[in-house]
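Engineer: Below: one structure in structure tokens.
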Amino acid sequence: MLFLRVKTGIILCSVLLLASCGGKSEKETRQVFRFNELGDVTSLDPALSGSFENNWAIHQLYNGLVEMNDSLQVKPCIARSWTVSEDGLVYRFILRSDVKFHDAPQFAGGKGRTVTAADFVYSFSRLFDKRVSNASTLVSMIAHDAEKNEKGFTAINDTTLEVRLRQPFAPFTGVLSMKYFSVVPHEVVEYWKDDFGRHPAGTGPFMLRVWKEKERLVLDRHPNYFKVDENGKRLPYLESVNVSFIKSPEAAFMQFLSGEQDMLSGIDAINKEVVLARDGSGLKKEMQKRYVVQTGPFLKTDYLGILIDGKGSNGELNPLQKKQVRQAINAAINRDRIVRFLRFNVGTPAVHGFLPDGMNAYNPAQLSGFTYDPDKARRLLAEAGFARGKGLPKIKLTTTASYLDIADDIHNQLSQVNIDCEIEILQPAMFKTAVAEGKVNFFRKSWIGDYPDPENFMALFYSKNFSPNGVNYMHFSNAEYDKLYEQCLTEQNDSVRRSLFLRMDELLVEESPVVPLFYDEVVRLVQKNVQGLTVNPTNLLSLERVNIRGL
């Protein structure tokens, strides 16, 4: 739980008191959006946008060729349009000619200049340098190798960019929507070098005014932003964005209740017991007059991973290597209970495979393989040679303290079918290393889509992606699965690709290298006078159309 139960009554009284105090004055309702970030922003360089915290901040400052709308459709951004060659290898982008960088001293006269195709050539080239960026796997499909004089991207002229791939890759434009592929100016990057991440200059709706790491981040409106609304008014509407970095969820929650914050984002930032109704209907009645809860599908699957080739703790056979044991664990876990009682119905029980709700290949009508069935779990254990749990070695579930409540519940559920499970708690950094290096056999993880294509989720089970060099932490290897995965990389027909993903998900249900727990959900608690804030399945914070209205 986020807070101790004994505090609930005190906080609820505070809520009612603060709600009656009027919150912000009319004078304070100018166009400033304020929220708290529990994590840390470490860089404002798109080349280092890998973390969730860096990504939302960078999104306010930069643009790329394309962008993803709230329905996960790839739309033009700096690129007005694009074409793809018949063989799927060459992408040609036609750029807008009215996009300008933020003002910076490194430009002539200190005024941001117009973006050209050459800027994208420069920006993409940086991503191939592992000393600069952590995006090396994402750019591997581009046919670019400076040492071999292989040019994967070429500026045909100021407004035409050509990108060449090594082989067809259907979700490529989705990959380009990631913040890694934002455009940056060489003048500013080369001036600041390694410190560019603290002195950003992009093209986005906001530009940096102040950043005191772990204290506050202030962004101001970019007056020359190229986007306008339907009435021709230049975006963004907000004058500025003020972000605090309070580490105490309780303190940030109280600031929100007092009107000092406009939004709380994420289930960990919200006191669920105080704010949300247990039946999953949303806000409690006493909260609805002042606040709005925003929810929507999130491209994120929380799961228990099983290291298929893991060894027993004392050198004995690891029972998790037996498929029936893995299937028994899947059948023994009541996902509905976890979502309902531990998450206040935030999220969807993961009973339809690994692909989450919100993904275009998610198909609950055709795949239902993780149904709670304790009797089936007991039968499977008997088939594996462990009838009533006899002879079954103790299984260790490794996680971090943040997820102890879910781990405890899983422990109790497994004990009901005679699976003896102990819980191991590691510090986050140690846990991450242990999983990547294959030092734990049964672990609690989650996967957030890097880009909104099912391939990104299915990559976790491709045999050539074994950790520590890839994201296949389970060391799952299946010839049929690999063949289907490789086919989905080059297949251009959407309906055919959906059938490929369905079959891959069916194989995961059968082989059970993973125990999907729930498909997560975007959840935000927002002041009622905030307008234009939308949610999307990538949980990307988009503020260019947000405005603040007086209550």
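The values are calculated or read from the model by the stated rules, or taken from the named source; none is laboratory data. This one's a predicted model, so the numbers in the text were calculated from it and none came from an experiment. Here the Cβ is made from the backbone with ideal geometry for all residues, glycine too, and neighbour counts use every protein chain on show.
Engineer: With the requirement that a residue be hydroxyl-bearing (Ser, Thr, Tyr), surrounded by fewer than 20 Cβ atoms within 10 Å (Cβ to Cβ), out of contact with any Leu (no Cβ under 7 Å at 6 or more places or on another chain) and more than 21 Å from Met141 (Cα to Cα), what does region 154-208 give you?
Structural biologist: Tyr191
Engineer: Something else about it: Just checking, which of Asn418, Asn478 is touching a Gly at 6+ places or on another chain (Cβ under 8 Å) and buried (at least 17 other Cβ atoms within 10 Å of the Cβ)?
Structural biologist: Asn418
Engineer: Looking at the structure I just gave you, is Glu286 farther than 30 Å from Asn330 by Cα and either acidic (Asp, Glu) or out of contact with any Lys or Arg (no Cβ under 8 Å at 6 or more places or on another chain) (or both)?
Structural biologist: The answer is yes for Glu286.
Engineer: Mind listing just one residue for me: the one in region 143-165 that is over 26 Å from Val99 (Cβ atoms) and in a loop (DSSP other than H, G, I, E, B) and, of those, farthest from the chain's Cα centre (by Cα)?
Structural biologist: Once the filter is applied, the top-ranked residue is Asn149.
Engineer: So the check is Cβ under 8 Å with 6+ separation or different chains; which pairs have a first residue in region 131-146 that's at pLDDT below 90 and a second one that's not in a loop (DSSP other than H, G, I, E, B)?
Structural biologist: Final answer for the pair search is Asn134/Ala47; Asn134/Leu48; Ala135/Ala47; Ala135/Tyr180; Leu138/Val175; Leu138/Tyr180; Ala146/Ser125.
Engineer: Further, regarding this structure: Quick check on Asp336: is it of a type in the set (Asp, Glu) and out of contact with any helix residue (DSSP H, G or I) (no Cβ under 9 Å at 6 or more places or on another chain)?
Structural biologist: yes
Engineer: Where residues in region 289-327 are under 29 Å from Val530 (Cβ atoms) and more than 28 Å from the chain's Cα centre (by Cα), which of them is surrounded by the most Cβ atoms within 10 Å (Cβ to Cβ)?
Structural biologist: Among residues in region 289-327 that are under 29 Å from Val530 (Cβ atoms) and more than 28 Å from the chain's Cα centre (by Cα), the one surrounded by the most Cβ atoms within 10 Å (Cβ to Cβ) is Arg290.
Engineer: Could you give every pair whose Cβ atoms fall below 8 Å, whose first residue belongs to region 261-275 and is at positive phi, and whose second residue is of a type in the set (Val, Ile, Thr), counting only separations of at least 6 or pairs across chains?
Structural biologist: These pairs meet every condition: Gly266/Val523.
Engineer: I've got another one for you. For region 292-334, enumerate the residues that are at pLDDT 95 or above and among the hydroxyl-bearing types (Ser, Thr, Tyr).
Structural biologist: Thr301, Tyr303 - these are the residues of region 292-334 that are at pLDDT 95 or above and among the hydroxyl-bearing types (Ser, Thr, Tyr).
Engineer: Just to confirm my filter: which helices (runs of 4 or more DSSP H) fall fully inside region 170-279 and include at least 1 residues that are modelled with pLDDT of 95 or more and closer than 21 Å to Asn536 by Cα?
Structural biologist: 172-176
Engineer: Let me ask another. Taking only region 166-221 into account, find how many residues are hydroxyl-bearing (Ser, Thr, Tyr), under 24 Å from the mean Cα position of the chain (by Cα) and in the same structural domain as Ala117 (by TED's automatic domain parsing).
Structural biologist: Of the residues in that region, 4 qualify.
Engineer: Restricting attention to region 485-525, and to residues there that are of a type in the set (Lys, Arg) and farther than 22 Å from Arg340 by Cβ, which single residue is surrounded by the most Cβ atoms within 10 Å (Cβ to Cβ)?
Structural biologist: Once the filter is applied, the top-ranked residue is Arg497.
Engineer: State yes or no: is Ala269 surrounded by fewer than 20 Cβ atoms within 10 Å (Cβ to Cβ) and touching a helix residue (DSSP H, G or I) at 6+ places or on another chain (Cβ under 9 Å)?
Structural biologist: no
Engineer: State whether the residues of region 329-336 include one that is within 28 Å of the chain's Cα centre (by Cα), of a type outside the set (A, V, I, L, M, F, W, C), over 30 Å from Leu525 (Cα atoms) and not in a helix (DSSP H, G or I).
Structural biologist: Looking for residues that are within 28 Å of the chain's Cα centre (by Cα), of a type outside the set (A, V, I, L, M, F, W, C), over 30 Å from Leu525 (Cα atoms) and not in a helix (DSSP H, G or I), one finds none in region 329-336, hence no.
Engineer: May I pose another question? So for region 454-472 (the condition being at pLDDT below 95 and of a type in the set (Ser, Thr, Tyr)), does at least one residue qualify?
Structural biologist: Within region 454-472, one or more residues are at pLDDT below 95 and of a type in the set (Ser, Thr, Tyr).
Engineer: Failed condition for Lys394, given (1) surrounded by 13 or more Cβ atoms within 10 Å (Cβ to Cβ); (2) in contact with an Asp or Glu (Cβ under 6 Å, 6 or more places away or on another chain), with all others met?
Structural biologist: Of (1) surrounded by 13 or more Cβ atoms within 10 Å (Cβ to Cβ); (2) in contact with an Asp or Glu (Cβ under 6 Å, 6 or more places away or on another chain), only one is false for Lys394: (1).
Engineer: Please tell me if Phe206 is among the aromatic types (Phe, Trp, Tyr) and in contact with a helix residue (DSSP H, G or I) (Cβ under 9 Å, 6 or more places away or on another chain).
Structural biologist: So Phe206 passes the test.
Engineer: Still on this structure, I have one more. In region 105-120, which residues are of a type outside the set (Phe, Trp, Tyr), out of contact with any Asp or Glu (no Cβ under 7 Å at 6 or more places or on another chain) and within 18 Å of Ile78 (Cβ to Cβ)?
Structural biologist: Correct list: Arg113, Thr114, Val115, Ala118, Asp119.
Engineer: Would you kindly identify the strands (runs of 3 or more DSSP E) lying entirely within region 57-126 that contain at least 1 residues that are surrounded by fewer than 20 Cβ atoms within 10 Å (Cβ to Cβ) and over 24 Å from the mean Cα position of the chain (by Cα)?
Structural biologist: Correct list: 79-84, 90-95.
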